[in-house]
Amino acid sequence: MIRKKTITKSFREPQQRSPSGIDRRCFLGRMVSGAAATLAAVTLADPSGAFEQFQEVSSIRITEVPPTRATHKRIIKAFELRRNEAVRDARVPAGINISNGDEARYADKGGTYTKGLLHDSFGRVVPVSFTSFKKALNSGKFSDFESIITGGGPHTLNGPQGALTFNLDGLDEVQFGQPEVPPAPPVASDQNATELLELYWGSLLRDVAFTDYGSSWLAAQAATELGAQPTYQGPRDIYGHVTPDLLFRGPFTGEELGPYVSQFFLQPTSFGTQPLGQQMESYLPDIDYMTNFNDWLTVQNGFFTGQQDQVEMQLRYLRNGRDLAAYCHVDVLFQAYFTAFLVLAGIGAPVNPGNPYIGSKTQNGFVSFGLPDFAATICEIATRALCAAWYQKWMVHLRPRPEEVGGRVHLIMTGQGDKTNITLSKVILSSNGLQQSFNKYGTWLLSQAYPEGSPVHPAYPTGHGTVAGACITILKFFFDGAQKIRPILIDAGRDVVVPSSDGLSLNTYMGADRDNLDINGELVKMAHNVTFGHGIHSGIHWRSDSDKALLLGEAVALAYLRDRARIYNEPFTIRLMKIDGTTATISNVGNP
């Protein structure tokens, strides 16, 4: 049975519900009085210099003794804890944040994010619209954001002021940057062209099951062409080749092993007494969007084409790129990682060896270092990560969406290259993947899995990826990521599984590497499943948007955990493996 389904905008773009900074600013005002008000004003006027001002305010105000009416010993201790954490955090310098220079490089802003603003008939942003946009970003005033000249469509800019929220838990957004988030590849670079080429291949393979990549001539062509590019950032085999099985995987340890889809997306679990299967709604095959220039231009101006998602009633396990794109279109951003927590808890996965209750004969963790703590922290870190991503997107990089650059490809390939200032590498312009896309759609545009294309915010880094990096770090903090997953599954009466080609059933995975899968690898695989589902498979994010976002999210979570360590009464030292394979240590032993 097939049905059409309209998904409300609020669920289609959960990022739009960015947290407001109002309550935090009010709280800060109560804590540090007029000095904080001065700080807030400076932050809005010049976000890049806000943290230096915060350091100055901290040295003046935040080292005060407790208020005279604070006489209870615990209240005084809590005050001292907050004060000391604020001072420690304020000593961390602002991050190094540098854009790739494309905004200044091209007069028509063809290498800069402009979706949702007013565009001319060739898709070039109208200068007065871009000027109003930059005025708002530079001033931070709500009134200036309300005065941005947009394309007039109902698809409005997606939460730009989320970039200006303060963080009272851990480091502030301005303290993150390089090396996790270096400048994005310039639009004219070979790397950017290689990432765009990967997106064209991803769109062509959207309906091919991952288990069928090995027999797909299209996947073989994609692997050959991408593997020939020195700037391809995906994994390769021991001979340096990109094989069909390695397509669209992440580059981090463990991601190359086992089925493409993480076990945390496949194993059944329960939410309390509510059984939770892992079959999902998906979209009908062979329906792609924005493949003609009129639709493309309409969307750039913030309008919808009038088309709707074509949702299939039949539930399926995630088995191809379209399934992942459908999942990530409407997911709650921490949803996958909360489900992973339920899977881990349900199969009895061991906790991190540093958990202070291991071996205790008199007590167990609950509110702290127990399941309620695990569950709530996964959700809590998501907002912190999203704010960090939003700062990078709007205040630093303004990287255009792939669909925007696909429009420039179309202009160049149709003899209208004089209608854009940017130049593009022959890696994309002379590619087989681009030609194959033209053969299918009749234009040189990058097809999209969603009728509205990308959300109306800049590409780099991806919010889904930043949340992913943060949430899997929290899971590693609580669970033993080094544990091999198959023995745990077998003890629970299960085994490693892989979806059938039609997604209607699960089969036991018989690959020779099935005993090598561990929790860490399956977590980072799940993170890339999500962020590539919201990227390469849907057509709305570049590979580097996702890869760097995972590292940013991890940095946010580690900073948060180092502050959070001091709220626990239990002495502990916890070690976890970072995405790059190194070890991070979180401890409150020896700290005041």
Quiz prompt | One residue from Val92, Val128 being loosely packed, with under 14 Cβ neighbours inside 10 Å and either touching a residue at least 24 places away in the same chain (Cβ under 8 Å) or not in a strand (DSSP E or B) (or both) | solution = Val128
Quiz item: Do you know which of the residues in segment 324-345 that are of a type outside the set (A, V, I, L, M) and either more than 26 Å from the chain's Cα centre (by Cα) or not in a helix (DSSP H, G or I) (or both) is surrounded by the most Cβ atoms within 10 Å (Cβ to Cβ)?
Solution: Phe334
Self-check item: Verdict on Gln191 being within 18 Å of Asp545 (Cα to Cα) and either more than 21 Å from the chain's Cα centre (by Cα) or not in a helix (DSSP H, G or I) (or both)
Solution: no
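To keep it simple, each residue is scored yes or no on (1) touching a Ser or Thr at 6+ places or on another chain (Cβ under 9 Å); (2) at negative phi.
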| site | (1), (2) |
| --- | --- |
| Ile412 | yes, yes |
| Gly415 | no, no |
| Phe438 | no, yes |
| Trp444 | yes, yes |
| Thr466 | yes, yes |
| Gly481 | no, yes |
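Determine whether segment 302-323 contains at least one residue that is in a helix (DSSP H, G or I), among the polar types (S, T, N, Q) and either closer than 30 Å to Gly214 by Cα or in contact (Cβ under 8 Å) with a residue 24 or more places away in the chain (or both).
To start, the set of residues in segment 302-323 that are in a helix (DSSP H, G or I) comprises 321-323.
Adding the requirement that they be among the polar types (S, T, N, Q) leaves none.
No - not one qualifying residue is present in segment 302-323.
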Exercise. Could you tell me which residue of segment 214-261 is modelled with the lowest pLDDT, considering only residues that are among the polar types (S, T, N, Q) and part of a loop (DSSP other than H, G, I, E, B)?
Key: Thr253
Practice problem: Identify the residue in segment 146-176 that is in contact with a Pro (Cβ under 9 Å, 6 or more places away or on another chain) and aliphatic (A, V, I, L, M) and, among all such residues, is surrounded by the fewest Cβ atoms within 10 Å (Cβ to Cβ). | Solution: Ile148
Exercise. Read through the list (1) under 28 Å from the mean Cα position of the chain (by Cα); (2) surrounded by fewer than 22 Cβ atoms within 10 Å (Cβ to Cβ); (3) more than 20 Å from Leu266 (Cα to Cα); (4) among the polar types (S, T, N, Q), then give the number of the only condition that Asn439 fails.
Key: (1)
Quiz item: Is at least one residue of segment 52-70 at pLDDT below 75, closer than 22 Å to Trp394 by Cβ and surrounded by fewer than 16 Cβ atoms within 10 Å (Cβ to Cβ)?
Solution: yes
Practice problem: Of the numbered conditions (1) crowded, with 16+ Cβ neighbours inside 10 Å; (2) outside any loop (DSSP other than H, G, I, E, B); (3) touching a residue at least 60 places away in the same chain (Cβ under 8 Å), Ser270 fails exactly one; give the number of that condition. | Solution: (1)
Quiz item: Filtering segment 305-329 down to residues that are modelled with pLDDT under 95 and in contact with a Leu (Cβ under 7 Å, 6 or more places away or on another chain), which residue is nearest to Gly463 (Cα to Cα)?
Solution: Gln310
Quiz item: Under 7 Å by Cβ, and 6 or more places apart or on different chains, what pairs join a residue from segment 181-194 that is surrounded by fewer than 24 Cβ atoms within 10 Å (Cβ to Cβ) with one that is among the hydrophobic types (A, V, I, L, M, F, W, C)?
Solution: Pro183/Ile98; Ala188/Ile422; Ala188/Leu424; Asp190/Val427
Self-check item: Selection within segment 415-442 - closer than 19 Å to Thr112 by Cβ, in contact with a Phe, Trp or Tyr (Cβ under 9 Å, 6 or more places away or on another chain) and not polar (S, T, N, Q)
Solution: Lys419, Ile422, Ile428
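Could you tell me whether any residue of segment 371-384 is of a type in the set (Asp, Glu) and buried (at least 19 other Cβ atoms within 10 Å of the Cβ)?
no
The values are calculated or read from the model by the stated rules, or taken from the named source; none is laboratory data. From a predicted model like this one, the values you see are computed outputs, not experimental measurements. Here Cβ is always computed from backbone atoms with ideal geometry, including for glycine, and neighbour counts include all displayed protein chains.
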